[in-house]
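Encoded as structure tokens, the structure appears first; notes follow it.
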Amino acid sequence: MAANWKMNGDFRTIDRLLNDLKNDLLDEEMDLGQIIVFPPHVYLQTVAQSIVGTNILLGGQDADQRESGAVTGSVSAKMLRDVGCDYVLLGHSERRILFNEDDYGIFQKLKQTLSVGLKAIVCIGENLEQRDSGQALKVISSQLEALISRDISIQSGKLLIAYEPVWAIGSNKSATIGQIGKALLEIKKILKEVDPDFSESTKILYGGSVTEKNIAEILAIDGVDGALIGGASMDSRSFSKICRIAKTI
Ligand code: PGA
């Protein structure tokens, strides 16, 4: 369960959220990495300290494609590793839209992220116009192929794909089981074409209006290994409920 806090929270609310989460999940035997939190960059170190001794892992919401240097305002993958991250979220639709990120730039970020030993969760997904015009699967496959068909060797388990239809994000309108199932089949097909073992080791998450109400049916879909959760992850009660349900599936 990956919690994408986006540009939300402050010291006080993040501290409370983490404490509530740790208390709520105290009795649950969560596996290491079953929960990953993605705070805004400035809070990474505080969160890193707060999760010491828990099974929660840490991720950055984005990383620059360059190793270091004159890139004012950016954060490198190596810096994220330095403050205790295991994961980096890449290619979220909000970054694609608001920061004009394209498939090639996201591929460069993926390369940089993997080169410092971090795992990447890369988001792909169609917008409403693309879905309505019957292009959803085409968009998903071209975004995915842009990541894996280039000159890159990806170690087993280092890449995770998050299928997030743009129209389902923050809209209270999750994709249907059928829509998610079809997208997953397409993703698996492309991964298998690269290599069946690669497909097997690449976890796939669904994201877009995931709540405690729909998490069980989403995780029951063949091929869904987890969820990327925005809104509901900022509410400790909802998020711990989601984690508890996920634990039983
Ligand atoms: P949401 O966001 O759960 O609020 O829809 C998901 C995301 O943007 O990763």
With segment 51-179 reduced to its Cα atoms and the Debye formula applied, log10 I(q)/I(0) at q = 0.11, 0.12, 0.20 1/Å amounts to -0.42, -0.49, -1.17
For segment 238-244, in residue order, the Karplus 3J(HN,Hα) values (coefficients 6.51, -1.76, 1.60; θ = phi - 60°; whole Hz; Gly and Pro = x) are 5, 5, 5, 5, 4, 5, 5
With every protein chain kept in place and a 1.4 Å probe, the chain has an accessible area per residue in Å² of 49 Å²
Note: the chain, point scatterers on Cα, Debye, no solvent; log10 I/I(0) at q = 0.09, 0.10 Å⁻¹ equals -0.35, -0.44
Log10 I(q)/I(0) at q = 0.19, 0.25, 0.28 Å⁻¹ for segment 20-61, from Debye over equal alpha-carbon scatterers, is -0.54, -0.88, -1.04
HN-Hα couplings for segment 171-187 via Karplus (6.51, -1.76, 1.60; θ = phi - 60°), in whole Hz with x for Gly/Pro, come out as 10, 6, 9, 5, 5, 6, 4, x, 5, 5, x, 5, 4, 5, 4, 5, 4
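Estimate the FRET efficiency between Glu217 and Ser171 by the formula 1/(1 + (r/R0)^6), using the beta-carbon distance for r and 25 Å for R0, to the nearest 0.05. Spell out each step's value before the answer.
Values: r = 18 Å, r/R0 = 0.70.
Given R0 = 25 Å and the Cβ-Cβ separation, E is 0.90.
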Once phi for every residue in segment 197-202 is put through the Karplus expression 6.51 cos²θ - 1.76 cosθ + 1.60 (θ = phi - 60°), the whole-Hz ³J(HN,Hα) values, with Gly and Pro written as x, are 5, 5, 4, 4, 8, 9
Expressed in nanometres to one decimal, the distance between label points 7 Å along Cα→Cβ at Ser74 and Glu200 is 3.7 nm
Residues meeting the amide H criterion for Gly125 (H placed from the backbone, H to H distance under 5 Å, 5 or more places apart or on another chain) are Glu164
Of 107-119, 22-34, 43-55, 204-216, ordering from highest average Cβ density within 10 Å down gives 204-216, 107-119, 43-55, 22-34
Calculated from DSSP helices alone, with each H run of at least 4 adding -39500 (n - 2.57) and the total divided by the residues of the chain, [θ]222 nm to the nearest 500 comes to -12500 deg cm²/dmol
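The values are calculated or read from the model by the stated rules, or taken from the named source; none is laboratory data. Computed from a predicted structure; not experimentally measured. Note that each Cβ is placed from the backbone with ideal geometry, even for glycine, and that neighbours are counted across all protein chains shown. Heavy atoms of the whole protein, side chains included, go into the accessibility calculation; ligands, DNA and RNA do not. Shrake-Rupley method; radii C 1.70, N 1.55, O 1.52, S 1.80 Å.
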